[in-house]
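Asker: Please read through the structure below; I'll follow up with questions.
Computed from the coordinates by the stated procedures, all read-outs in this text should not be read as laboratory data. Fair warning: this is a prediction, and the values are worked out from it, not measured in the lab. Cβ coordinates were reconstructed from backbone atoms using ideal geometry, including for glycine residues, and neighbour counts include every protein chain displayed.
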Amino acid sequence: MTTGRCGPNRQGREVRLYTRHDARQDPVPGTIQGQGGVMEVTEVRVFPVHEERLKAYVAITFDHCFVVRDLKVIDGNNGLFVAMPSKKRKDGTYRDTAHPLNNQTRQMIESIVLAEYDKEIRKAGNPISNAKI
């Protein structure tokens, strides 16, 4: 386990980031290496719905300690994709409340979520048809 300095918290105490992998090692599948170390998706929960375009709600957990809820699996014009959680603003537009800051992280999250969605659908006896994953 490695540690990295994160700086003081609101109370002025020093905060350290602990990671399970050395940041110089090759990334493990399902992980993303960032400035603070390696972030790992440790749990994916899929909640299928039966709507025309919305196929499931998803909650993902990072490093057994941070959860992001209300991701959506959407059947778009080019196949399935993962939409990040968003909130409707007063002007009627939507804004993501949580989202990846780079394409590598987005692709990692999307591939893991869609794989878990596929497992859940197959387990329920409804294989994905004509969906591009």
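Asker: Could you tell me which of the pairs Lys87/Lys123; Lys55/Lys90; Lys55/Lys123; Lys72/Lys123; Lys88/Lys123 are separated by over 25 angstrom between their Cα atoms in the structure shown? Don't skip to the end; give the middle numbers.
Answerer: Numbers: Lys87/Lys123 31 Å; Lys55/Lys90 27 Å; Lys55/Lys123 15 Å; Lys72/Lys123 19 Å; Lys88/Lys123 34 Å.
Result: Lys87/Lys123; Lys55/Lys90; Lys88/Lys123 exceed 25 Å.
Asker: Label Lys90 and Asn102 with points 7 Å out from Cα along Cα→Cβ: what is the distance between them in nm?
Answerer: That separation, rounded to one decimal, is 3.7 nm.
Asker: Could you list Tyr117, Tyr94 so that the one with the fewest beta carbons within 10 Å of its beta carbon is first and the one with the most is last? The partial results should precede the final answer.
Answerer: Numbers: Tyr117 23, Tyr94 11.
The fewest-first ordering by Cβ neighbours comes to Tyr94, Tyr117.
Asker: HN-Hα J couplings of the range 48-63 from phi, Karplus 6.51/-1.76/1.60, θ = phi - 60°, integer Hz, Gly and Pro as x?
Answerer: With the stated coefficients, the range 48-63 comes to x, 10, 10, 10, 4, 9, 6, 9, 6, 9, 9, 10, 10, 10, 9, 6 Hz.
Asker: Subtracting the Cα-Cα distance from 0.36 nm times the residue separation, let me have the gained length for Thr42 to Thr61 in nm, one decimal.
Answerer: Stretched fully, the Thr42-Thr61 segment lengthens by 6.3 nm.
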